[in-house]
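Have a look at the structure below, then the notes.
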Amino acid sequence: DGSFTLPDDPRVRALGDLSPGLRQSLLAGARGLINPSSLESLSIVVLQAMRARVPVLVNAQSDVLRSYAGVSPSVLLFESDESLVAGIRQLLDTDWAKKADELDRAAQWVKDTYSWQRVLTVYERVAR
């Protein structure tokens, strides 16, 4: 039915919709971000997390989210309830400070791919 149960762990919280300021503040201290959606066409919150050097766990059923996993090993995939739980454990148990290069690579990719200048350049090219 598309639903899942979060592990009983005080480090894991489902927060729902957030204001931009609160989202940035929470990302600054986050151990990871999980996007369980299989219906993403871009996923701004995942891109924001990657840009903030936060590892992400995303649904492999989304072609877009799956493509982000090719950017950096800090983008983890899940395909089942079992791999979701394993991915959450990996997010929480990995010492991401030792993998700063992976987080940096993801952040730089978002900056290079989705900067306003690049978006405007692509838009102008398409609009011609």
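Miscellaneous remarks
- Hey, residue 21 at pLDDT below 95, out of contact with any Lys or Arg (no Cβ under 6 Å at 6 or more places or on another chain), open to solvent by less than 80 Å² (accessible area, probe 1.4 Å) and in a loop (DSSP other than H, G, I, E, B) or not: no
- Residue within the stretch 90-97 that is over 23 Å from residue 6 (Cα atoms) and without any contact (Cβ under 8 Å) to a residue 40 or more places away in the chain present: yes
- Pairs where the first residue, in the stretch 110-128, is in contact (Cβ under 8 Å) with a residue 24 or more places away in the chain and open to solvent by 80 Å² or more (accessible area, probe 1.4 Å) and the second is assigned to a helix (DSSP H, G or I) and aliphatic (A, V, I, L, M), C-beta under 8 Å, 6+ apart: 114/47
- Identity of the residue in the stretch 52-78, out of contact with any Ser or Thr (no Cβ under 8 Å at 6 or more places or on another chain) and polar (S, T, N, Q), that ends up surrounded by the most Cβ atoms within 10 Å (Cβ to Cβ): 74
- Meets criteria (surrounded by 11 or more Cβ atoms within 10 Å (Cβ to Cβ), closer than 16 Å to residue 107 by Cβ and free of Cβ contacts under 8 Å to residues at least 24 places away in the same chain) for residue 49: yes
- The stretch 33-98 holds helices (runs of 4 or more DSSP H) entirely within its bounds, and those carrying 2 or more residues that are touching a helix residue (DSSP H, G or I) at 6+ places or on another chain (Cβ under 9 Å) map to 44-51, 63-68.
The values are calculated or read from the model by the stated rules, or taken from the named source; none is laboratory data. The shown structure was predicted, so the numbers you read here are calculated from the model rather than taken from an experiment. Note that each Cβ is placed from the backbone with ideal geometry, even for glycine, and that neighbours are counted across all protein chains shown. The area values use the complete protein model at the heavy-atom level, side chains included, leaving out ligands, DNA and RNA. Shrake-Rupley method; radii C 1.70, N 1.55, O 1.52, S 1.80 Å.
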